[in-house]
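One structure below.
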Amino acid sequence: MQADAILLWGMFLLCFARVVGFFVQAPIWGSGHIPKPALVGTGACIAVVVFPSLPVPKALPPDLFELAIMLLGQLAVGLVIGYVSFLVLAGAQFAGELLDIQMGLSVAASFDPASHGTVNLIRRFKFYLAMMIYLILNGHHTLLMALKRSFEVIPLTGFEFPKSLIYNLIDMTTQVFIIGIQIAAPALAALFITQVALGLLARVAPQMNVFMLSFPLNIMIGLMMILVALPLVYKGLDSYFSTNLNQILQSIKMMTPGR
């Protein structure tokens, strides 16, 4: 009986380690808006619900060092799933960063609890907009289903980390920049045309202080284009989140041993 209890406790710790790694990077849960004790309690509840339905291994390593290595492995599995799920929100943040630079709002940085540092205004707006769309599309529910799927196909006692997964993660990371540019494209194009027009105006009328005129004009045009492009951003994020779910499932499949 004591050996069975130790085995069950070990399974619970391995399951809990994967959930904790997932919560570190995953959207919503990985942000700083949820208190850490609540995250730990939620992770423990998920582990309690999930681990009774998992196949019981024959035995766990008696050595504490080997068990610690297994815990780190399950933590890495959760980190990979959470990292892939956060890429679209990272692209939205990159889009806001581009617009902040072009609109001249980089100096108006303020503290943001989600990133544990100072971020710019439009970047924070794009992040919260993407997070709200993510919740509207029930992305948090599908993400929990993907986590459950990982427990079904990746055993607690082992996983694989092939080169193809590393190349896939690098490729998905590069897509963050593509997503950010596509989200910010309407406002960036309008701001570029504005800068060209101001440059021509400076040539035609040198006596005008075009430099000072550009500050309020860039902010006004940038905010107008952000407002006008909101329907396009919603459709784009809907498509990105659907693609991201397939990327999460593909990453889980790559980590399945003996696939």
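Any read-out appearing in this document is the output of simple, stated calculations on the displayed coordinates, not a laboratory observation. Since the model is a prediction, treat every value here as computed from it, not as a measurement. All Cβ positions, even for glycine, are placed from backbone atoms using ideal geometry, and neighbour counts span all protein chains on display.
Packing, as the average of other Cβ atoms within 10 Å across residues, places the peptides 152-163, 32-43 in the order 152-163, 32-43, highest first. Charge dipole (Cα centre; +1 on Lys/Arg Cβ, -1 on Asp/Glu Cβ; no other charges) of the chain amounts to roughly 320 debye. Number of Lys-Lys pairs in the chain with C-alpha atoms under 25 Å apart and a separation of 8 or more places or on different chains: 8. Neighbours of Ala76 by Cβ distance under 14 Å: Lys/Arg scored +1, Asp/Glu scored -1, total 0. Using only the Cα atoms of the chain, each taken as one equal point scatterer with no solvent, compute I(q) by the Debye sum, divide by I(0), and report log10 of the ratio at q = 0.11, 0.17 Å⁻¹. Each listed q maps to, in turn, -0.69, -1.24.
If you line up the long axis of helix 36-50 against the longest principal axis of the chain, both from Cα atoms, how many degrees apart are they, to the nearest 10? Between helix and principal axis, roughly 50 degrees. How far is helix 163-204 tilted off the main Cα axis of the chain, in degrees rounded to 10, range 0 to 90? The helix 163-204 is inclined about 10 degrees to the chain. Across the chain, C-alpha contacts under 8 Å between residues 6 or more apart give a mean separation that, scaled by the residue count, equals a relative contact order of 25 percent. Here the Debye sum runs over all C-alpha atoms of the range 30-102 as equal scatterers in vacuum, and log10 of I(q)/I(0) at q = 0.22, 0.27 Å⁻¹ comes out as -1.19, -1.25. For the options Asp171, Asp63, Asp100, a Gaussian network treatment of the chain with springs between C-alpha atoms closer than 10 Å singles out Asp63 as fluctuating the most.
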